[in-house]
Every structure is written in C-alpha cells, then in structure tokens.
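One structure is given here, and the rest of the page talks about it.
Coordinate-derived values only; no laboratory data. Owing to the predicted nature of the structure, the values given are computational and were not obtained by experimental measurement. Note: ideal-geometry Cβ built from the backbone for every residue, glycine included; neighbour counts use all protein chains shown.
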Amino acid sequence: MAGFANIAKIPELKKRILFTLLMLAVYRLGCHIPTPGIDPDALMQFFARQRGTIFGLFDMFSGGALERLSVFALGIMPYISAAIIMELLKVVLPSLEKLYKEGEAGTKKIKQYIRYGTVVIAAIQGIGISVGLEAMTGEHGSMAVVMHPGWSFRLMTVLTLTSGTAFIMWLGEMITERGIGNGISLIIFAGIVARLPSAIIKTFELMGAGEIYPIIMLVIVVAMIAVVGFIVFVERGQRRIQVQYARRVVGRKMYGGQSTHLPLKVNTAGVIPPIFASSLLMFPATIAGFIANEWVKWAAELITPGHLTHDIVYVALIVFFCYFYTAVTFNPVDVAENLKKWGGYIPGLRPGKPTAEYIDRILTRITLGGAIYVSAVCVLPSILVQKFNVPFYFGGTALLIVVGVAMDTMSQIESHMLTRHYEGFMKKRMGRVRR
C-alpha cells in the first residue's frame, strides 16, 4: 500500500496516470458508438453463431466492438498486423534491416511506415467487412444486418472503420508519449478486461442455478490464482549469459573491464505464436460459415475447440511459431557482432561465429521450454470449459496479454517512482530476476 500512497506524492506520475485513464475511457466510449446503417439485433444474432471463428478472435481484441460493429470495430489489430509485417519484411529486405539499425531516426521512419500500413490494412478490412455485412442475416435468415445496402453504405463503413482504427492508434501513441507508456498494449488490455465483469456475473448466476457447485468454483479460483502466479514466474524468467568487456584506453582514461550479462527471456516470442495459431485454426470455421461444402464443414468440425485434434494441432502450431518468431526478432549473429564491436566477449569463447553459435544453442533450448509453457496456458480454456463448465475462457492469449501488460505497466510506474527516490510496489528481493 505504501507504493500506491507514494503515487500521490509525484505530481507528474499522477498526471500521467490520470491522462492514461482518460484516454482508455475515451476508447471504451467509442466501442459503444455504432456504425451507421446497421440493424443491431440482426448483428447480435449473427455473432452468436460466430464464437469459434476468426470473428470471435478479432472481437476479443476489439473489446466487443466488432460484435456491436462500433466505430472502433477493427480495434488495434490492423496496427498489430502492420507491425508484424514490418518485422517479417526486415528479414527479406536489407534496406529495411539497415533502417532498423539507424537508431532514433530509423525508428521514427519505421513507425511512420507502420502507420501507413495500418491505414491500408484497415481500409482493406473495412471493404471486406462492408461487403460481407450485406450478405449477413440474423437467426434463420429472418433479418438483414444491413438496412440499406449499396456503395453508399460500403464507402461510409470503410471511412468510419478506418478512421476509428487511426484514432485508436493515435490514442495508443498519446498514452505512450504522455501517459505511463505501453499505449497499444494497454488498449488491448482494456478491451479484454472490459468483459470480465459480465463473465463474473454469469458465473454467479450459474452457481445460483446449481449448474456449478461451490466446491468446484473454489477449486477453479485456486487454479486461476496458481496459473496467474505461474505466468508471472515464467514471464520474469531469464537465462543470463555472462559477458566480459575488455579494457580500453581512450586518451588518458581507461574504460571497460566490467562484467555484465546478456539476458535471454524464456518466452522471447511473447503472445504472437498463439495469435498466429488461433488465426490459422479459425479460418476453416470462418469459411464454413459462408461456403456450403461438406469437406470444409468436416475440417471445421475436426478442429473445433473441445476436440483432441484441435488441441494437438494448436500445440504444434504454437511450438512452430515460437521458434519462427524468435528467429525473426532475435538474431544471434547480430548480437555476437555487436558484442565484438564494443569489446565484449563470453568467457571461454572466441568472438564472432563461436559466440553466435553458443547463443543460438541456448536460445533454441529455452525456446522449447517457452513454447511448452505457452501451449499449456493456451490449452487451459478447453479443459476448464469441458471439465468444469466454466462460462468464460480463462487462459489462452487473453490471459497472457493481461498478465504481461499488467507486469509491464507496474514496472513503468515503479521506474517513475524509483527515479524520484520513492519506494516501489515490490520489495528489492522481489525485483530480482531469477536465473
């Protein structure tokens, strides 16, 4: 409690937190402003049939805005897609990779490209949604979702959704610049957490109806606390590689000679692997909703959540994308070259290729552990829903995002407090990163 009390003693930090909360309130308000020309009742009936499709995944990231088709229906997903595409293009375009290494000027240029890419992706998705909405109907085809279909509706929808995504992107950047940081992540966090109260209310309603026994609910709560603790434990986990810097004489002064470490996170890829894996698994179910084909329906049913086949394929995809995205975002050769450039070396190894191979070997081993951890957390929702009849999905990508963003936000606030000589939220011994 002392850590929270110290926030009020730092005017700048208090101002940043209030600004962040205000921006998040604006975001949540925009999630309830509907797009013109839509029948909300027919839209709700349509989305009631789309829980296991790609629409359900996008709706989770938009905080329910897609289900209501608000002005923020596309959410921040176009921005995330643009950022991921830039990371992938860095591998195949040497000019882009060079831009990443140009420091602050290169970073500004990359951010500008991501903004342009976000608008383009949002416009393309807006066109697809506007055309698809005209073919959507309510339950049993009783009501059309679009009241007045045509090009006027399509252009209005594209303009509305693209503008909404651009505004969310601006909100995220403002939170990063003038708030407590991690603006984009906090927007996703707010969208996911916004569904928690309704899930809790529904759970108590089921307990009151006798569908969930109190003892089962107690076991679930204990399991939830244990899972959150496990996620925090692993996300803070690092493999530290000792690095020694040689002494250098510059003029009349001697620099270097100190020993430090190179931290390698257990979960280097973050939440990107489960997002990719979920998207691929949901495509057959999404296509089956629009195409009356027996093979497509059979494939969609085979990988529906709850089936053993779904869990096996899901885990295999997560493991693959953990290695793939780690290889894209972390290059041991570049790390070894940077160490060599600044006079650093790993004791017992020669600089250059031997160092890169050593780092790559360690990274490969810890990535396997990270992939198993992410797979276990992401398969957890299926187990809770099937075995314990839990009315909401606890675990998976949403839980990883919520816990990860909460930890990063606490670290940001604590760094503001420690720079002004105030005690943070965690004791010094808790702040140590386990080896």
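To the nearest 0.05, what FRET efficiency results for Leu302 and Arg361 with a Förster distance of 35 Å applied to their C-beta separation? List each step's numbers first, then the result.
Values: r = 37 Å, r/R0 = 1.06.
Approximately 0.40, to the nearest 0.05.
Please give the contour-minus-distance gain from Phe233 to Val328: 0.36 nm per residue of separation, less the Cα-Cα distance, rounded to one decimal in nm.
Details: separation 95, 0.36 × 95 = 34.20 nm, distance 2.51 nm.
Working it through step by step, the gained length comes to 31.7 nm.
Report the full-extension gain for the segment Ser279 to Lys202: residue separation times 0.36 nm, less the Cα-Cα distance, to one decimal in nm.
On the way: separation 77, 0.36 × 77 = 27.72 nm, distance 2.71 nm.
So the extension gain works out to 25.0 nm.
So which GluC sites (Glu not before Pro) in region 69-153 end up in coil per DSSP with only 14 or fewer other C-beta atoms within 10 Å?
Numbers: sites: Glu87, Glu97, Glu102, Glu104, Glu134, Glu139; in loops: Glu102.
Loop-located and lightly packed - Glu102.
Quote the FRET efficiency, to the nearest 0.05, computed for Asp41 versus Ala316 with a Förster distance R0 of 45 Å and r equal to the Cβ-Cβ distance.
Working: r = 40 Å, r/R0 = 0.89.
After rounding to 0.05, the efficiency reads 0.65.
Give me the distance in nm between label points sitting 7 Å out from Cα along the Cα-to-Cβ direction at Trp342 and Ile85, one decimal.
3.3
Any idea how far apart Ile216 and Met147 come out in nm if each label point goes 7 Å out from Cα toward Cβ?
4.3
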